[in-house]
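Below: the structure, in structure tokens.
The values are calculated or read from the model by the stated rules, or taken from the named source; none is laboratory data. If you're wondering where the values come from, they're calculated on a predicted model, not measured in any experiment. Backbone-built Cβ (ideal geometry, glycine too); neighbour counts: all protein chains shown.
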Amino acid sequence: MFEDDYLDRPPSSSSPAGSQLLEQPHHQPFMLKDAATQKYLLYGRYLMIRQLGKGTYSKVVLAKDLLASSSSRGDGIGDVVAIKIFRGQRNYDDAFDDECSILEAISSSHSVASTTTKVFADERQRCNSADEETLDDGLLVGSMSFSKILAAVKHRVHRAIIFPALGMSLLDILQHRKAYFRHRKDEDPPSPFAQQRQTTDSSAPYEKFRKGGLPLFVVRSIGYQLFAFLHYIQSKGVVHTDLKPENILLAQKKILMSRPLGPLPVTSSIKVIDFGSAEFTASFKNQTSSGTRISYNTIQTRHYRAPEVVFGSGWSYPADVWSVGLILWELLKGDCVFMTHDDKEHLAMMQRFLGSPSRADGGFFSIFRRGDKTEEFVSRRHHSSGTLRWPTEETSSRDLKYLNAIVPLCREFKDHSSDDEFCDFVSLIGKVLEWDPNRRLTAADALSHPFFASS
């Protein structure tokens, strides 16, 4: 548990027989340790299994709910729950209260999310007969795509939120697939398209995918759910601000092992988690000339950070759309596009992948004119719209080699121009990864894109 708070304090000498008592400040117990099993019991009903992860404000543990039967809930993994335990200090109360407020707001009505159910009937034809029945359920998307709260616990200065346990994250499934294909060196690495071969050989219905990425029909299903999720939370005035593969979990734990496709989720139904950084746009104190409320604080995990956040020019709903675009490309290709921890290099990678902002739109200086870092990152030396101040004298040949290895999106389109389905996907990615957040597709518009058209 936390290294610097009460959870690691020595047990009380007055512990009851058979248990070891860990105390909060003011001697208020909330966790018992069973002497026989050496496992912790939280709040008298949750038997801790293991730690799942940690963050700035909290840690998450997996636990068994001893008072709930596996048949009493219709989601997650029966009677197993995930408990987000906030640091036991009063200055972390705001983080708990903010997350509860966000979850309460988006859980108050599911009308938008529940009406976006969609079946991609054409995808069933892509599955061979052995996998078809199992994969069908994963093609139903648009149900409530975020993890609901089961309980919020206030125990003196200690706080916790309890959620249903879910399956592995999208990052986990990508890593699982990479490991699988690394150990199958006798077979060709898969291609990202998972298209049916033009062949009469029914034993080889698929092309392979590259680097452990997911088949396009799975990416389509997940993408539709993510945009439906964004459309829904935006209707509640919420920006998630930290969308990434780690924060998107499969709704079910089971994984299907298919020889031609490799390990795949039994269902592509997903749940978005971790609203600890989410914000209400109503709380933003600034707004654009068009009346859009914006914020200037730094958000998002680096690799999924929108350019307006990097430049410091103000962000709102489009920042989440940018993150989803990068997530979908990563799901198909198997690798994160922008692996860097430097702002200037990050922008150079965006430019390599997407091209420069249009001069007709005024380039960098017009789009990001409000940015407090625009002058630092962009030079007017060559033309008025600006050029990035990268590479620098400190830039290594290795960094340049990594940058040049990024395949531009326009080349992806050109190289596969005969594949209408893939071209629709590239078109979608290009429109949700617009430099200018005002020109970026909204979540609602993305749902109507031809890539999601049911055939």
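The table below lists the values:
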| quantity | calculated |
| --- | --- |
| Number of the exception - S379 against (1) of a type outside the set (V, I, T); (2) in contact (Cβ under 8 Å) with a residue 24 or more places away in the chain; (3) in contact with a strand residue (DSSP E or B) (Cβ under 7 Å, 6 or more places away or on another chain) | (2) |
| Among (1) surrounded by fewer than 15 Cβ atoms within 10 Å (Cβ to Cβ); (2) at pLDDT 90 or above; (3) assigned to a loop (DSSP other than H, G, I, E, B) - the single one E376 does not satisfy | (3) |
| Some residue of the range 398-409 being under 24 Å from the mean Cα position of the chain (by Cα) and acidic (D, E) | no |
| Qualifying position, being farther than 19 Å from R220 by Cα, assigned to a loop (DSSP other than H, G, I, E, B) and at pLDDT 70 or above, among R184, R159 | R184 |
| Hits in the range 31-60 - residues which are more than 30 Å from the chain's Cα centre (by Cα) and under 21 Å from H155 (Cα atoms) | M31, L32, K33, D34, K39, Y40, L41, Y43, G44, R45 |
| Among residues of the range 393-431, those that are of a type in the set (S, T, Y) and surrounded by 14 or more Cβ atoms within 10 Å (Cβ to Cβ), counted | 3 |
| Test: residue in the range 407-414 that is part of a loop (DSSP other than H, G, I, E, B) and not charged (D, E, K, R) | yes |
| Any hit, the range 344-353, residues being free of Cβ contacts under 8 Å to residues at least 24 places away in the same chain and surrounded by 14 or more Cβ atoms within 10 Å (Cβ to Cβ) | no |
| Where a residue in the range 422-445 is touching a residue at least 60 places away in the same chain (Cβ under 8 Å) and its partner, wherever it lies, is aromatic (F, W, Y) and in a loop (DSSP other than H, G, I, E, B), with Cβ under 7 Å and at least six apart | F422/F193 |
